[in-house]
Amino acid sequence: MFDMIIRNANLSSGETGFDIGITKGKITAIEKNLTSECGQEIDATGRLVSPAFCDPHFHMDATLSLGKPRMNMSGTLLEGITLWGELRPIVTKEELVERALRYCDLAVSQGLLFIRSHVDTSDPRLVTAEAMLEVRERVAPYIDLQLVAFPQDGYYRAPDGAKALEKALDMGIEIVGGIPHFERTMEDGRRSVEALCRIAADRGLMVDMHCDETDDPMSRHIETLTAETVRHGLQGRVSGSHLTSMHSMDNYYVSKLIALMAEAEINAIPNPLINIMLQGRHDTFPKRRGLTRVRELIEAGINVSFGQDCTMDPWYSMGSADMLEVAHMGVHVSQMGGVDEKKKLFDAITINSAKTMGLENYGLTFGSNADLVVLQAADVVEAIRLKPTRLYVLKAGEIVSSSPARIATLTLPDRPASIDMGRDYMPCAE
């Protein structure tokens, strides 16, 4: 007797026609033609069932604040930071909580149930930390929210930045962040990486550092991060986010750097939407793409996961909590259009991100938590192409969101009267 059976499902691994049995929030069977009784049944009808999506890099304290206190007219990273610096001293805890909860509702509808958010600790009031800790507690039944203590204005550059970060960790924020390229000097950036990794080692915490989010090929704090990771025995617990300077680095140096990252078991978190929007702003033509070397990192065996980063905030006026949109952009900017390459980028928003976040019992295997999404697509390649409707979203085996299948009605001659956007347009052979 199962609590639920999802029948006739195509799995994200590529296998088709499986039934998924769920008991007490866990996957307790994955096989064809389950005959057992169940309390509830979903007929996937040959559509894709995937583990719920993960976003390992987001800024929930700033989300949905677009236009406050004014618009980013240049569209640049630095003006976005300036705007956030104007909003942060006047923002209230109530506003922060309200915006974050609205975003979380949107995330659930998109099948996004795991989010890591950076929380700005530069304001000594730490109202952002208070608000996000409350949000983490309130959304716990349906979203796993991880929080990073993030010194947006610089660990050394911000007044009392070091003290505020330690206080945020004492309050319950569980990951150490940093932004070495935003310190006043390269030397201060290097020192901040050393200090922050030491804090993480002493407290037994993970590290997730904004690292080299710049077009400057000489911004090489990721090298220091790899060294400090090994020095403190933090292998597998450290993530370098953005890494956009690698796009512009000398190829010989990168060949050394990627090997160092692999040795340190660094998780790499590119953010395709925001990176392609903000980088290369000082270029005329040819213009650099800015996204880090995704293909090369994957080929070196480095765990690469994609982040959304921003949604309707001072840095990015778009976004929809849709990790398939992130992967879709990743396909284009990384020029990874092959079938197997697309599958790897689907992993970047699911199993790779789960590894980055250290999630336990995540996946679509026997014994995994039944945190699943049923999509109106046949397979992961089609899912990235169509960014389809999330028909059902399950948290611990319970339906937390559902949507009707999307049908497009056509009036063209010699064409079907209607097209099921996830069934009739199957992927072509590539």
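No lab work stands behind these numbers, since they all come straight from the coordinates. Since we're looking at a predicted model, the values are computed, not measured. When we count neighbours, we look across all protein chains shown, and the Cβ atoms used for this are built from the backbone with ideal geometry, even at glycine.
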Check: Hey, in the GNM for the chain with a 10 angstrom Cα cutoff, which one of Ile22, Ile222, Ile199 fluctuates hardest?
Finding: Ile199
Item checked: region 1-55: GluC sites (Glu not before Pro) in DSSP loop, at most 16 other beta carbons within 10 Å -> Glu15, Glu37
Notebook entry, point to check: What ³J(HN,Hα) values, in whole Hz, does the Karplus curve 6.51 cos²θ - 1.76 cosθ + 1.60 give for region 182-197 when θ = phi - 60°, with x put for Gly and Pro?
Noted result: 9, 5, 5, 9, 4, 5, 4, x, 4, 5, 5, 4, 4, 5, 5, 5
Check: Residues of region 294-309 with amide nitrogen under 14 Å from the 7 Å Cα-to-Cβ point of Asn251?
Finding: 296
Checklist line | Proximal charge balance of Ser50 [Cβ under 11 Å; K/R count +1, D/E count -1] | finding: -1
Item checked: Efficiency of FRET between Ser402 and Glu94 - r from beta-carbon atoms, R0 35 angstrom, step 0.05 -> 0.70
Next item on the list: Give me the distance between the Cα centres of region 44-87 and region 234-283, rounded to whole Å.
Entry: 20
Next item on the list: Take the chain, connect every pair of alpha-carbon atoms lying under 10 Å apart with a spring to form a Gaussian network, then pick out the residue of Gln308, Gln40, Gln110 with the largest mean-square fluctuation.
Entry: Gln40
Margin query: Treating only the Cβ of Lys, Arg, Asp and Glu as charged (+1, +1, -1, -1), what charge dipole size does region 312-372 show about its Cα centre? Round to the nearest 20 debye.
Written below: 180
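So if each residue of separation counts as 0.36 nm, and I subtract the Cα-Cα distance between Thr365 and Lys26, what length gain in nm does that give?
Gain in length upon complete extension: 121.1 nm.
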Checklist line | Over 25 Å between alpha carbons, listed pairs Lys93/Lys167; Lys355/Lys387; Lys342/Lys387; Lys26/Lys93 | finding: Lys26/Lys93
Notebook entry, point to check: How far is it, in nm, from the label point at Glu134 to the one at Asp283 when both lie 7 Å from their Cα along the line to the Cβ?
Noted result: 4.3
Next item on the list: Given the options Val49, Val373, Val139, state which has the largest fluctuation in a GNM of the chain using a 10 Å cut-off (strictly under) for Cα springs.
Entry: Val139
Item checked: Ranked list, fewest to most other Cβ atoms within 10 Å of each Cβ, for Cys104, Cys54, Cys38 -> Cys38, Cys104, Cys54
Notebook entry, point to check: Which Cα, out of Ala300, Leu126, Cys104, lies furthest along the positive dipole direction of the chain (beta carbon charges, K/R +1, D/E -1)?
Noted result: Ala300
Check: Assigning unit charges at the beta carbon (Lys, Arg +1; Asp, Glu -1) and nothing else, what dipole magnitude in debye, to the nearest 20, does the chain show about its Cα centre?
Finding: 340
Next item on the list: Specify whether the C-alpha gyration tensor of the chain places it in the rounded, prolate or oblate class, a ≥ b ≥ c being the square roots of the eigenvalues: rounded for a/c under 1.5, otherwise prolate if a/b is larger than b/c and oblate if not.
Entry: prolate
Next item on the list: Only bridges with both residues in the chain count here: give the DSSP antiparallel percent, nearest 5.
Entry: 40
Notebook entry, point to check: Working out 0.36 nm times the residue gap between Thr45 and Ser13, then minus their Cα-Cα distance, what length gain in nm do you get to one decimal?
Noted result: 9.8 nm
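Remind me, relative contact order of the chain in percent, using alpha carbon pairs under 8 angstrom and six or more residues apart?
Worked out over the chain, it gives 18 percent.
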Check: Gap in Å between the Cα centre of region 6-27 and the Cα centre of region 350-405?
Finding: 11
Notebook entry, point to check: Projected onto the charge dipole of the chain (+1 at Lys/Arg Cβ, -1 at Asp/Glu Cβ, origin at the Cα centre), which of Val373, Cys310, Thr284 gives the Cα projection farthest towards the positive end?
Noted result: Thr284
Notebook entry, point to check: Could you put Thr185, Thr76 in order, starting from the residue whose Cβ has the fewest other Cβ atoms within 10 Å?
Noted result: Thr185, Thr76
